[in-house]
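As structure tokens, the structure follows; a few thoughts come after it.
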Amino acid sequence: MSFNTFGHMFRVTTFGESHGVALGCVVDGCPPRIPLTVEEIQRDLDRRRPGQSRFTTQRQEADQVKILSGVMETDAGQVTTGTPIALMIENTDQRSKDYSEIKDKFRPGHADYTYEAKYGLRDYRGGGRSSARETAARVAAGAVARKIIPDVKVRAALVQMGPHKIDRAAWDWDEIGRNPFFCPDKAKAEFFADYLDDIRKKGSSIGAVIEVVAEGVPAGLGAPIYGKLDSDLASALMSINAVKGVEIGAGFGAAELHGEDNADEMRMGNNGPVFLSNHAGGILGGISTGQAVVARFAVKPTSSILTPRRTIDKSGTDTDIMTKGRHDPCVGIRAVPVGEAMVACVIADHLLRHRGQVGF
């Protein structure tokens, strides 16, 4: 299996499976002499870690990261060396037996059939590489990326669950750390608790929309045509497990606007150009404008549910399936730090590309 690497100047290769011994990543292209500690990486991983509330999978993984290479102790503390940074996270709470009854059945909504069709085999134990467990490695890589872009603040929030959207007038970034949904609207977070409890008790699941905002992105990152910042962001976010749609700025909503409404007007301010709106999501012609970069992605409902579903088995026989085990009733919740990580990786990559091309 190839295509386990993303990025150009800042390159990340992930490895490992959901029920394997460990998973992790190798980060190549990180500049030297950047302070980096295991605690900084762990801080991001703890936000994604499973089993922190009744609204996520109860798989109990500590997700303790180990730095295997690429850093060294100096008089100034632990810093990167410029060589590949290898990060490893051990799996400690696998329950492969939960999948033994369905090892020959294709789970609807999962990659079971497509993996079998492509490779002639699949890892039925939680999906192997197709499992959202792989995203822990991305979050670890994202923590390294953040160190390359210290002036850029990348934050994300859950803005919709099922058909229910937040009240944007009530947006409070501090609120996302006070509820288990990473939701910036306190009242809607309280609603989500009862809403998701009902879905969870029925053995079902629901989708969500996540919004990522990167503030402090300098103007000039990206390139026309095939190196667009927004196309790389879309690719990175679409690569996250269960993501089925991505939009930048106004996104699909731009199709409902007139030209005079959609185009972000400008005025000259004391410190340079000032945009009067941000329908473009901080990117024009594939290049950052200096405004906040805004992206949203839609996460489908978790496919592993207790409700019996129709499917076929490996022999082509019609059958039914009911997935047991521990699963997220809304996988979009834990996708919030994953979305942050992917955006951080893309921006770090483009910053290094920009320096390589224009020298600053």
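The values are calculated or read from the model by the stated rules, or taken from the named source; none is laboratory data. Quantities reported herein were computed from a predicted structural model and do not represent experimental measurements. All Cβ positions, glycine included, derive from the backbone under ideal geometry; neighbour counts span all protein chains shown. The area values use the complete protein model at the heavy-atom level, side chains included, leaving out ligands, DNA and RNA. Shrake-Rupley method; radii C 1.70, N 1.55, O 1.52, S 1.80 Å.
Apart from one condition, CYS345 fits all of (1) at pLDDT below 95; (2) farther than 30 Å from PRO108 by Cα; the exception is (1). Looking at region 274-329, which of its residues are free of Cβ contacts under 8 Å to residues at least 40 places away in the same chain, over 27 Å from GLY207 (Cα atoms) and in a strand (DSSP E or B)? Hits for region 274-329 are VAL274, PHE275, LEU284, ASP318. Of all the criteria given as (1) out of contact with any strand residue (DSSP E or B) (no Cβ under 8 Å at 6 or more places or on another chain); (2) aliphatic (A, V, I, L, M); (3) assigned to a loop (DSSP other than H, G, I, E, B), the one not satisfied by ILE240 is (1). Looking only at region 332-360, residues that are in a loop (DSSP other than H, G, I, E, B), open to solvent by 10 Å² or more (accessible area, probe 1.4 Å) and in contact with a Pro (Cβ under 8 Å, 6 or more places away or on another chain) come to 1 in all. Every test in (1) without any contact (Cβ under 8 Å) to a residue 60 or more places away in the chain; (2) within 29 Å of the chain's Cα centre (by Cα); (3) over 30 Å from PHE106 (Cβ atoms); (4) open to solvent by 30 Å² or more (accessible area, probe 1.4 Å) is passed by LYS244 save one, and that test is (3). The set of residues in region 247-266 that are hydrophobic (A, V, I, L, M, F, W, C) and either in contact with a Lys or Arg (Cβ under 7 Å, 6 or more places away or on another chain) or open to solvent by less than 30 Å² (accessible area, probe 1.4 Å) (or both) contains only ALA250.
For region 211-241, the tally of residues that are among the charged types (D, E, K, R) and either surrounded by fewer than 20 Cβ atoms within 10 Å (Cβ to Cβ) or within 11 Å of the chain's Cα centre (by Cα) (or both) stands at 3. Of the residues making up region 150-176, those that are surrounded by fewer than 22 Cβ atoms within 10 Å (Cβ to Cβ) and assigned to a loop (DSSP other than H, G, I, E, B) are PRO150, ASP151, VAL152, GLY162, PRO163, ASP167, TRP171, ASP172. Of the residues making up region 271-327, those that are of a type in the set (Gly, Ala, Ser), farther than 19 Å from ALA208 by Cβ and touching a helix residue (DSSP H, G or I) at 6+ places or on another chain (Cβ under 8 Å) number 4. Of the residues making up region 318-331, those that are open to solvent by less than 70 Å² (accessible area, probe 1.4 Å) and either among the β-branched types (Val, Ile, Thr) or touching a Lys or Arg at 6+ places or on another chain (Cβ under 7 Å) (or both) number 8.
For every residue, the table says whether it meets (1) modelled with pLDDT of 95 or more; (2) open to solvent by 10 Å² or more (accessible area, probe 1.4 Å); (3) among the acidic types (Asp, Glu).
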{"site": "SER288", "(1), (2), (3)": "yes, no, no"}
{"site": "VAL294", "(1), (2), (3)": "yes, yes, no"}
{"site": "PHE297", "(1), (2), (3)": "yes, no, no"}
{"site": "LYS300", "(1), (2), (3)": "yes, yes, no"}
{"site": "SER315", "(1), (2), (3)": "no, yes, no"}
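Only one of the numbered conditions (1) out of contact with any Asp or Glu (no Cβ under 6 Å at 6 or more places or on another chain); (2) at pLDDT below 95; (3) under 17 Å from ALA242 (Cα atoms); (4) open to solvent by less than 60 Å² (accessible area, probe 1.4 Å) is violated by GLY128, and that is (1).
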